[in-house]
Each structure stands twice: as structure tokens, then as C-alpha cells.
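See below for the structure under consideration.
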Amino acid sequence: FKNRKRKGSFYKEIALVLVESSDAAKLAAKKALSKLSKPVECSICGEFMKNEKGVKLHMSKKHKE
């Protein structure tokens, strides 16, 4: 891009593109956030758990090494 104005308008158009997500993704996010006040994320799959103990249990059952 030769000038900043063109570059800025290009990135503005990209940033304003409507992003749609599946109903399953919306439901999973809603479920995770509604039940958990301070959710902890599994470092392997990204699923949210209630606390560290829940993550450890989840990992031992779902992500056996």
C-alpha cells in the first residue's frame, strides 16, 4: 500500500466482516460461561472446566497418554 489511508480502509473492511458461528459453538460457549464463574481451560482441547481439579480429572479421562 502506497498510502496509509488506503491501507487503513483495507484493514477496516476486513475487521468489519460479519463472523458467523455454528449453533453448537454458541451453545458450548453459553454453557461454559453460564455455569462457571472462573472457568479453567484444558490446555489440550480448550474445553472449560469449573476448576483446576476438574481439568485434571478431564485430562486423565479424555487425554490419556
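The values are calculated or read from the model by the stated rules, or taken from the named source; none is laboratory data. All of these numbers come straight from a predicted model, not from anything done at the bench. Counting neighbours? That spans all protein chains shown, and the Cβs are built from the backbone with ideal geometry, glycine included. Keep in mind that these areas ignore ligands, DNA and RNA; they rest on the heavy atoms of the full protein, side chains included. Shrake-Rupley method; radii C 1.70, N 1.55, O 1.52, S 1.80 Å.
With each label modelled as a point 7 angstrom along the Cα→C-beta vector, the Tyr11-Asn51 pair spans 4.3 nm. The H on the amide N of Glu47, modeled in the peptide plane, is under 5 Å from the matching H of Cys42, each at least 5 residues off or on a different chain. Applying 1/(1 + (r/R0)^6) with R0 = 30 Å to the Cβ-Cβ distance of Ser60 and Ser22 gives a FRET efficiency near 0.55. Against the criterion of solvent-accessible heavy-atom surface with a 1.4 angstrom probe, Glu20, Glu41 sort, most first, into Glu20, Glu41.
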